[in-house]
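Below is one structure, written out as structure tokens, with a few remarks after it.
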Amino acid sequence: MQQPMSAGTSQFCQQFKNQSITNVACIGAGHVGISTMAVMASKMPEVAFTVFDDNPKTVCACQCGPLPFYEPSLDRLVDELRGKNLSFSPSLAQTVEKAQIVFVCINTPLKKSGLGSGRAADLSSWDKVARRIVEASKDECKIIVECSTMPMNTGKTMRQVFQASATVKHEVLCFPAFYRGGTAITDMQTPRTVLLGSDETPSGLMAYNVFIKLISPWIPTDKVVHSSLWSAELAKHARNAMIAQRISSANAVSALCEKTGADLEEVMRVARSDSRISDGYLQACPGIGGNTLLHNMQMVVWLAESLQLEEVAEYWKAVVEMNEWQQTRFCDNIPQTMGNVKDKRVAILGFAYKPETDDTRSSPAIAICKSLLEEGAKLALYDPQVSTEQMAAGLGGYSAFSPQQVSFCASAMDALKGAQALVLVTAWEEFKELDMTEVVRAMAAPPFLFDSRGVWEPADVSPLGFELYQIGKPRRE
């Protein structure tokens, strides 16, 4: 026998039953929030999208341009939509009050102290946002959409606040962002599939149906995978953990290649040919960068530990430790190969964790630079999109080093003048197009080339006089 609906559920379903969605809010003007709202606004011109952020400078930059971060094509897209159906606001109360659906796209750092420090997610910001939504909603039911790096229990945390504090029912959906920084707009404009988690309750299913109707001009219904909230939250972390696992596997094999004289590219070509393995994330690197993969890995470890699944926790810990070992291995190899780096100029090309973004969170460049500074090297840094201030902050701020230790350069060739070594960290296209004959002339002899991304062919650069090191490649005498 079907249980009768509660008054809150009945009100929620009645409100959204025949209601057209005309106003969508987003809390958080970061990469996920702005990219998601801009793509949705471009696909749904009849719906108004408003993005809120607590930082007035961020809101001002979004209102006037350029955006406070770099993402290819996003500035242009926002310029086209600004003043039409995409706006930015410093008022959460006004933004939420007029919205029917509220996306929450906020950062979730790891806890810095207490139980699970450095591994467990700090959900305090989600708790606070939920309370602010309740206050701003003014007795109107809302559909709340988690759309960020949401850890497990995020939906539960918000739902507990809503149940305890709200006078009306708010329903929580989980819509994980699976885009890649640097290709966010193309990833989101033509997704292969998307995941949408909801509760299997009358109000949960109502919220789910309202949402897929809203996004139907953007994403056809047959491309939406439906799951529970828990499954959607865990799927995000499981996917990222498996990506990190593949990268760490390639890094582990790269060390074997260097010791045995095998070539990682040849080994991985065979691996990729097996349909059970396929392509994707099988390139070695000097360490996993970006905020998402590493944080998600730590969260998975903590989740397993908190559930007393010690063997599971140890398995994923090994992936984290392999990443740390690979980073240390690459860093240590530079002074070992050069003999020493004390007082030698070392050009660092690239500070972002990957090309087509200005995101430096957990970038391998940070560990590489700090390691070289400890060895006494003089660094010359250049990245085409990362600001001087951002690079300095990554190294601990201007007080952490002297101008004699670190110089910030206006171009790659400026950084390379007089350098004893070139360390390529980020595979920007402009680095691939460098005239290596001019580079070797600009550098001090003998010039060392540490190519962490396999950009240059040994047959092209070794004859020019470079002492070349590439991850997973046999040394050439």
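The values are calculated or read from the model by the stated rules, or taken from the named source; none is laboratory data. What you see is a predicted model; the values in this text were computed from it and never measured. Counting neighbours? That spans all protein chains shown, and the Cβs are built from the backbone with ideal geometry, glycine included. Heads up: the accessible areas ignore ligands, DNA and RNA and are worked out on the full protein's heavy atoms, side chains in. Shrake-Rupley method; radii C 1.70, N 1.55, O 1.52, S 1.80 Å.
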Open item on the list: What's the number of the only condition in (1) open to solvent by less than 30 Å² (accessible area, probe 1.4 Å); (2) part of a loop (DSSP other than H, G, I, E, B); (3) out of contact with any Lys or Arg (no Cβ under 9 Å at 6 or more places or on another chain) that G376 fails to meet?
Closed with: (3)
TODO: Could you check, for segment 136-143, whether at least one of its residues is out of contact with any helix residue (DSSP H, G or I) (no Cβ under 7 Å at 6 or more places or on another chain) and at positive phi?
DONE: yes
TODO: Scan segment 162-182 residue by residue and report those that are in a loop (DSSP other than H, G, I, E, B) and either among the basic types (K, R) or open to solvent by 50 Å² or more (accessible area, probe 1.4 Å) (or both).
DONE: T167, K169, F178, R180
Open item on the list: Looking for something more than 19 Å from A207 (Cα to Cα), open to solvent by 30 Å² or more (accessible area, probe 1.4 Å), under 24 Å from the mean Cα position of the chain (by Cα) and polar (S, T, N, Q) - is there at least one such residue anywhere in segment 26-40?
Closed with: no
TODO: Check S117, S125 and return the single one that is assigned to a loop (DSSP other than H, G, I, E, B) and closer than 27 Å to Y353 by Cα.
DONE: S117
Open item on the list: Criterion first (over 28 Å from E356 (Cα atoms), among the hydrophobic types (A, V, I, L, M, F, W, C) and open to solvent by 30 Å² or more (accessible area, probe 1.4 Å)) does A410 satisfy it?
Closed with: no
Open item on the list: Residues that are more than 22 Å from G30 (Cα to Cα), of a type outside the set (G, A, S), open to solvent by less than 10 Å² (accessible area, probe 1.4 Å) and outside any loop (DSSP other than H, G, I, E, B): does segment 144-161 have at least one?
Closed with: yes
Task: Unmet criterion (only one of (1) free of Cβ contacts under 8 Å to residues at least 24 places away in the same chain; (2) open to solvent by less than 60 Å² (accessible area, probe 1.4 Å)) for E311 - done: (2)
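Counting just the residues of segment 32-74 that are β-branched (V, I, T) and closer than 18 Å to F178 by Cβ, which one comes out modelled with the lowest pLDDT?
Just the residues of segment 32-74 that are β-branched (V, I, T), to begin with: 32, 34, 36, 39, 47, 50-51, 58-59.
With the extra rule that they be closer than 18 Å to F178 by Cβ, the set shrinks to 32, 34, 36, 39.
Values: V32: 93, I34: 97, T36: 96, V39: 97.
Within segment 32-74, the match that is modelled with the lowest pLDDT is V32.
Any idea which residue in segment 97-116 is modelled with the lowest pLDDT, counting only those that are more than 21 Å from the chain's Cα centre (by Cα) and open to solvent by 30 Å² or more (accessible area, probe 1.4 Å)? Walk me through it before giving the result.
To start, the set of residues in segment 97-116 that are more than 21 Å from the chain's Cα centre (by Cα) comprises 97-102, 113-116.
Filter once more, keeping what is open to solvent by 30 Å² or more (accessible area, probe 1.4 Å): 97-98, 113-115.
On the way: E97: 96, K98: 96, S113: 93, G114: 93, L115: 89.
That would be L115.
Would it be correct to say that V386 is buried (at least 20 other Cβ atoms within 10 Å of the Cβ) and part of a helix (DSSP H, G or I)?
Working: buried (at least 20 other Cβ atoms within 10 Å of the Cβ): yes; part of a helix (DSSP H, G or I): no.
Taking the combined requirement at face value, the residue does not satisfy it.
Determine whether D199 is assigned to a loop (DSSP other than H, G, I, E, B), buried (at least 16 other Cβ atoms within 10 Å of the Cβ) and out of contact with any Pro (no Cβ under 9 Å at 6 or more places or on another chain). So that I can check it myself, show each step before the final result.
Details: assigned to a loop (DSSP other than H, G, I, E, B): yes; buried (at least 16 other Cβ atoms within 10 Å of the Cβ): yes; out of contact with any Pro (no Cβ under 9 Å at 6 or more places or on another chain): yes.
Spelling it out, D199 is indeed assigned to a loop (DSSP other than H, G, I, E, B), buried (at least 16 other Cβ atoms within 10 Å of the Cβ) and out of contact with any Pro (no Cβ under 9 Å at 6 or more places or on another chain).
Here are G418, G454: which of them is among the small types (G, A, S), within 18 Å of R345 (Cβ to Cβ), open to solvent by 20 Å² or more (accessible area, probe 1.4 Å) and outside any helix (DSSP H, G or I)? Don't jump to the end; show me each part of the working.
Values: G454 fails: within 18 Å of R345 (Cβ to Cβ).
Just a single option satisfies the conditions, and that option is G418.
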Open item on the list: Quick check on my filter: what residues within segment 142-168 are charged (D, E, K, R) and at pLDDT 95 or above?
Closed with: K142
- [ ] Go through segment 457-470 and give me each residue that's open to solvent by less than 20 Å² (accessible area, probe 1.4 Å) and touching a residue at least 24 places away in the same chain (Cβ under 8 Å).
- [x] V461, F466, Y469
Open item on the list: Between a residue in segment 155-170 that is within 17 Å of L123 (Cα to Cα) and of a type in the set (V, I, T) and any residue that is in a loop (DSSP other than H, G, I, E, B) and open to solvent by 20 Å² or more (accessible area, probe 1.4 Å), which pairs come within a Cβ distance under 7 Å, given they are 6 or more apart or on different chains?
Closed with: T157/L123
Open item on the list: Going residue by residue through segment 285-303, is there one that turns out to be in a helix (DSSP H, G or I), closer than 16 Å to F450 by Cα and touching a strand residue (DSSP E or B) at 6+ places or on another chain (Cβ under 6 Å)?
Closed with: no
TODO: Test L256 against the criterion of being under 19 Å from R329 (Cα atoms), touching an Asp or Glu at 6+ places or on another chain (Cβ under 9 Å), modelled with pLDDT of 95 or more and not acidic (D, E), and give yes or no.
DONE: no
